[in-house]
Amino acid sequence: MATFSTNGVAFYKPPTNTDEYNVFSDGPTTVDDNSHRSTHLASTFDVAIVGYGPVGGFFANLLALQGHSVVLVEQSPHIYDKPRAIVLDHEALRVLQMIGLGKEIAGMISNHAGTTFIGLDGEPIKHFDPLPPPYPLAWFPTVMFIQPEMEQFLRDRGTSRFLRTTPDRDPSHGVVEVLLEHRVVGLDEDAGGVTVHVKDITGEAKFDKNMLDVVSATSLKRPAGAGETSAGDALSSGKSEPPTGAKHEEKQPFSIRAKFVIGADGGSGNSFVRKSLRIPYDSLDFDEWWIVIDTWLQRPAQPPLPPKSRQYCWPHRPGTFIIGPRNLRRWEIKLLPGEDPAIYSDPVKGLDRIKNLLGVYVEDVDAVDVWRAAVYRFHALVARKWTSERGRVFLAGDAGLCAGIRDSVNLSWKLSHMLRHPEIEPSSTPLLGTYQRERAPHVTTIVGHGKSFGLIIGELDLEKAKARDAEMRRLMAEGKVSSYRQAFIPDLDGGCVAEGDSAGGKLFPQPLVSTATGEKVKMDDALLHPRTMSWLIVAKDIEALDWLSSSSNSFMRSLGAQRIVVHPVGTNRSVESGSDTVVVEELEGVLAAWFEKYNARVAVVRPDRCYAYGAAQDEAGLNGLIEGIRKWLTN
Ligand SMILES: Cc1cc2nc3c(=O)[nH]c(=O)nc-3n(C[C@H](O)[C@H](O)[C@H](O)COP(=O)(O)OP(=O)(O)OC[C@H]3O[C@@H](n4cnc5c(N)ncnc54)[C@H](O)[C@@H]3O)c2cc1C
C-alpha cells in the first residue's frame, strides 16, 4: 500500500495510492476472522474508526485503554494476507509495549541483520545497519516481523480484551465494537459529532481473500509499455459481483454517532474518508512497480544466502533480499519498463517465472519454497489536509506501518484529552492542529530519504550506475555517510513541544532500569500505570520534583501525570517508590547521556512517551514548561 521496504530500508511514503493484485499465494498463515465480530451494537461511540487494518487496530487499543468507547468498521471479512510490512522500528515496539503486548511480541520478531548495498561488481558500496547498543528505547532498534501474523495477534491478544462479549473485561476500559463486512458509505459532521452511515455488506461483495481492496484493484494501471491484456483488468473484473448463484437482498445503511472519526481506510488515493472530506492529494513523483516474493528457506542453500539483507543496485534487475523472521526470506524486485506484471500470475508458467527472477540473485533456488507473491504499484500521494474543518474527522495510516503507528499514538492522546474536556472546541483548539503539524513533515522527510535510496538502488542506466558506485565507495572510504538507519528518522520540528527548548520534540529514551525489588525492566513498565497515556515527569533526582510549584503540581495531577525518578547508573541511592512517585536506577546510562546532552535534570514527556515536551535544569524552567502545556491543553 503506501509503503514498501527494500531490504529493510523502509520506503515510508505519505498516504498513497498503491494498486496491487495477487500473483500467487499458498501459505501457512490462517487469517480468517469471522469470529471477531461484536453483537448488540450500541449506537453512540466516542470514536468511530473506518478500517480495521493494523493502524485502525492500534487506535482502538490505545483509545480503549484510556476508557473510550470505539467502533471499528471494516468492509473485509479477513485480514489482508499478502506480503506487506516486514520491518518495524523501536518506536512501534514501544507503542506495542504501552498497549500491553510488548512481552508477547518479542516471540514474533527477530533482529534486523543490517543491509549491504551491492554495486555492479558484486562488492559493497554502502552499509546500513541498526544502531549498536546501548539501545535508546530498550528495544532492538529495527526488527523483522510478518504483517498478517502481527495483525492477527493485535486482534486476538489486543482488541479482544475490550469486546463487550469478553467475560473478564476490565470495566475501566472502553468497549470496542467490531463490525466486519460493513462499509462506511457516508459521513455527516456537525458541531456535536459525526453521523457515520454504515452498510452491512455481508455476503454481498465477493471478497477475494487475496485482494480485499476492491477500489485499488479496479483502478489498477499498467506500467508503461505493458501489454493490453493485463492481469489488472482480469483480476479487477467481477470483484464486487455477488458469488455465483447467490442472491442478496439490498440492505439499507444504518447510522451510528461518534464524537470523532478516524479514517484509517488505506491509501489516500482511494480512502473513502479523504474523498468524503473533499481533501485533494499531491503526488510525490514516485511511481514504480515491484514484485514482492516471500519464501521459506527449506534447507541451507549452496552456496549460502547472504548473512545480511542486500540491496542489489544492478541496472539489469534492481532488487532486494531481506532476511525475515524465522526462515522467511523475501525478495523485492523492480519490474522493468515494458514488463507485464501479468506474466507472473499465469497459472501454468507464473511460478517458474518467479523462480527465474529469484535466479538473478540466488544460485540454489530450490532451497526456498515460494509462499506468496504480489505485484505492487507504489505511487506516493500525500493528502493536503489530515483533518476536517470542524476538527472531528481525521486521516491516518497507510504511509508505512511504522508511520501509521506513530499517527495512532500521536492522535490518540490528543483525542483522549478532548474526550475528557468536551468544553474545548475541536475546530479551534491548537492541540488538534498539531496532529498534522507534527506528522506531515515527519512523513515527508522519511519519504525523501526513501526516494533517495530508491534512486541509488533502482538506477537503470549502466554508465550512471558506474559513476554512482565510484562516488559511494569514495564516501564510504571517507566515512562521510551515516551507516545507521535511525539517523534518518527525524524528531519533531514543531507542534506541541516547548518553543525554543533544544530538548522539545526530541525522541525520549526508555532506559533499562532496576526497580526497588531488584527487577530489571524497561522504564515504561516500571510506571505505576504503564498502559495509561499520561504526561510523564522524569527526573534525575527526587529534589528536582520539588521544583514543581503547587499550581504546576495540581495542574499536572489533574491531567493524571505520572512521576518517575531515574537515578544514574551506580548512584546507589534509595530506589524506594512512594505512593505517586516511582524511583528506579538506570542500568546503562542512556537517559543520563540524554540529560547531559540537553543540560537538564528533569524532563516533561508527552503522553505518546516517544517525544519530550521539554527539559529543565531549574525550578523556573520546569514551571515554565508546565505553563506552556497548560496553554496547549486548555484552549
Ligand atoms: C510490499 C510492501 C512492503 C511494506 N513494508 C513495510 C515495512 O517494512 N515497514 C512498514 O512500516 N510498512 C511497510 N509497508 C506498508 C504497510 O504495509 C502499510 O502502510 C500498512 O499496512 C497500512 O496499514 P493501514 O491500517 O493504514 O491500512 P490497510 O492495511 O490498507 O487497512 C485499511 C483497511 O480499511 C478498509 N476500508 C477501506 N475503505 C473502507 C470503508 N469505506 N469502510 C470500511 N472499511 C474500509 C480496508 O478494507 C482495509 O482493511 C509495506 C507495504 C507493502 C505493500
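When Q617 is tested against (1) in contact (Cβ under 8 Å) with a residue 40 or more places away in the chain; (2) touching a Lys or Arg at 6+ places or on another chain (Cβ under 8 Å), exactly one condition is not met: (1). Kindly evaluate H449 against the criterion of being within 16 Å of the ligand (Cβ to nearest atom) and either open to solvent by 10 Å² or more (accessible area, probe 1.4 Å) or in the same structural domain as F59 (by TED's automatic domain parsing) (or both). Yes: the conditions hold for H449. Does R94 satisfy being charged (D, E, K, R) and either under 28 Å from K522 (Cβ atoms) or at pLDDT 95 or above (or both)? For R94, the condition - charged (D, E, K, R) and either under 28 Å from K522 (Cβ atoms) or at pLDDT 95 or above (or both) - is met. Against the test of being open to solvent by 60 Å² or more (accessible area, probe 1.4 Å) and not basic (K, R), the options E627, E585 yield a single qualifying residue, E627. Scanning the range 598-612 for residues that are in contact (Cβ under 8 Å) with a residue 40 or more places away in the chain and open to solvent by 10 Å² or more (accessible area, probe 1.4 Å), we see that the one that is nearest to the chain's Cα centre (by Cα) is Y611.
If the condition is being within 16 Å of L137 (Cβ to Cβ), within 13 Å of the ligand (Cβ to nearest atom) and assigned to a strand (DSSP E or B), then the range 76-115 contributes V87, L88, D89. From the residues in the range 469-525 that are assigned to a strand (DSSP E or B) and within 22 Å of the chain's Cα centre (by Cα), which one is surrounded by the fewest Cβ atoms within 10 Å (Cβ to Cβ)? Looking at residues that are assigned to a strand (DSSP E or B) and within 22 Å of the chain's Cα centre (by Cα), I get Y484. Can you tell me how many residues within the range 526-561 are within 20 Å of A503 (Cα to Cα) and part of a loop (DSSP other than H, G, I, E, B)? Going through the range 526-561 one residue at a time, the tally reaches 7.
Condition check ((1) assigned to a helix (DSSP H, G or I); (2) open to solvent by 10 Å² or more (accessible area, probe 1.4 Å); (3) within 16 Å of the ligand (Cβ to nearest atom); (4) among the acidic types (D, E)) across all residues:
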position: H379; (1), (2), (3), (4): no, yes, yes, no
position: E389; (1), (2), (3), (4): no, yes, no, yes
position: A399; (1), (2), (3), (4): no, no, yes, no
position: C402; (1), (2), (3), (4): yes, no, yes, no
position: R406; (1), (2), (3), (4): yes, yes, yes, no
position: N410; (1), (2), (3), (4): yes, no, yes, no
position: P422; (1), (2), (3), (4): no, yes, no, no
position: S427; (1), (2), (3), (4): no, yes, no, no
position: E438; (1), (2), (3), (4): yes, no, no, yes
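The residues of the range 283-317 that are within 15 Å of the ligand (Cβ to nearest atom) and at pLDDT 95 or above, listed by number, are I291, V292, I293, D294, T295, S309, Q311. Residues that are more than 14 Å from the ligand (Cβ to nearest atom) and open to solvent by 70 Å² or more (accessible area, probe 1.4 Å) within the range 248-282 comprise H248, E249, E250, Q252, R257, K259, R278, Y281, listed in sequence order.
The values are calculated or read from the model by the stated rules, or taken from the named source; none is laboratory data. The model shown is predicted, which means the values in this text are computed figures rather than measured ones. As a convention, Cβ positions derive from the backbone with ideal geometry for all residues, glycine included, and neighbour counts pool all protein chains shown. Just the protein is used for accessible areas: all its heavy atoms, side chains included, with ligands, DNA and RNA removed. Shrake-Rupley method; radii C 1.70, N 1.55, O 1.52, S 1.80 Å.
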